[in-house]
């Protein structure tokens, strides 16, 4: 019972640290308390999350169940890589927060013989939803021995990901300064996006494997020893058991070894990389200085970086369809307008960033107009970058005709100017606006007007006249909004 209480306390401290990393929550005590009530509780956090994953996993279990028996193991084994990545990423992330929260510092002097096991069990609990995600797929293998082997393979995938996650934290965990810190922040944020889009990713994997299962069969037969292909043998009890043991035994040793290495994580925060010691002051415009400062903060905080990548994450399904169809120009142009419009969700976060240095902000020699223009530029750069990438991808399939989409690069600036103009009416000077739910609804309606207009224009007018007309209209509207901004 004492071990479970310790695990519960450590788990709560880890999630409190995660909540503190969210600047919009930590400034609101009620929001912190509410978030901690749900995510800091083992029953509510892990339990409800596992139940949700189980329900989602049932859809993929049906896919395994409906597959021909000779291909059933191939479809099942292809899902194991998702459980492996989930366990790997979750362990790496949680161990990082465990270290920074110092939740286990009071426990170090205590004579706990199984201290490392307690910490490992806490981290492993975070991986429990991955087990329930693939449990229906294992049960869909029909035969009792195949089901047992399938459940065993799911556990192997999770334990292997967990062990590697611990070892990666031992080797590379800590504070990375200089260029390495930016690379690590980007990598961690990409991992967060994968985790958020896990159901979409699994759905794509499911459709792709089910559609091409007959083509995969020779590959799985040619490399039966490689993970996760080795799990395809679950439909053959004897061969499947031998293959399972070949992975289960080394995985068990890896897990035990990772438990012993946990002490190295708990020794303290390590610092890697080098940062330049020289510092020079440069004179630039207040607007550009604000934008530079904003993006430095974005790349230093994963929560900010994740928010700025969220428009692309929200559009993954449509991007995938564009990719399959070869990025047709009209659809790609409409996607550029949609992602640019979704950039308005960044409006709240770019102002919430100022909470970390509000006293300094209020004493800076900057006008309200300069402040709003800087925030508009900060919001624009993220969807603008994505839009340029789409045009490059479209040129790969459509050649120089993709240049017809260039006028649509004015759309991100239109979206940001609509957002900051709305904020300009709500604030008197250089301050942080308080945006409510009704503000968010009003902003979404306003920024999706360009999307509706683009859809109508693309339907009625051919390229390149349509994009030139839209680009000119969006640019003119942007200039009018910025000119009227006070």
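The values are calculated or read from the model by the stated rules, or taken from the named source; none is laboratory data. Keep in mind the model is a prediction, meaning the values are calculated, not measured. Quick reminder, even Gly has a Cβ in these numbers, built from the backbone with ideal geometry, and neighbours come from all protein chains shown.
Condition check: touching a helix residue (DSSP H, G or I) at 6+ places or on another chain (Cβ under 7 Å) and surrounded by fewer than 16 Cβ atoms within 10 Å (Cβ to Cβ). Does residue 468 satisfy that?
Yes: the conditions hold for residue 468.
Would you pick out the residues in the stretch 427-451 that are farther than 27 Å from residue 364 by Cβ and surrounded by 11 or more Cβ atoms within 10 Å (Cβ to Cβ)?
440, 442, 444, 446, 447, 448, 449, 450, 451, listed by residue number.
Does residue 54 satisfy the criteria of being at pLDDT 80 or above and either touching a helix residue (DSSP H, G or I) at 6+ places or on another chain (Cβ under 6 Å) or farther than 19 Å from residue 233 by Cβ (or both)?
The answer is yes for residue 54.
Could we say that residue 469 is modelled with pLDDT under 90 and within 22 Å of residue 387 (Cβ to Cβ) here?
Spelling it out, it is not the case that residue 469 is modelled with pLDDT under 90 and within 22 Å of residue 387 (Cβ to Cβ).
In the stretch 443-474, what count of residues is obtained for those that are outside any helix (DSSP H, G or I) and within 30 Å of the chain's Cα centre (by Cα)?
Number satisfying all stated conditions: 1.
Among the candidates 410, 395, 421, 416, which residue alone is assigned by TED's automatic domain parsing to the domain that holds residue 348, within 17 Å of residue 334 (Cα to Cα) and touching a residue at least 60 places away in the same chain (Cβ under 8 Å)?
Unique residue meeting the criteria: 410.
For the stretch 388-407, give me each residue that is crowded, with 24+ Cβ neighbours inside 10 Å and within 25 Å of residue 292 (Cα to Cα).
none
Name the helices (runs of 4 or more DSSP H) wholly inside the stretch 341-442 in which the number of residues that are under 27 Å from the mean Cα position of the chain (by Cα) is 1 or more.
Fully inside the stretch 341-442 and qualifying: 347-352, 368-398, 411-426.
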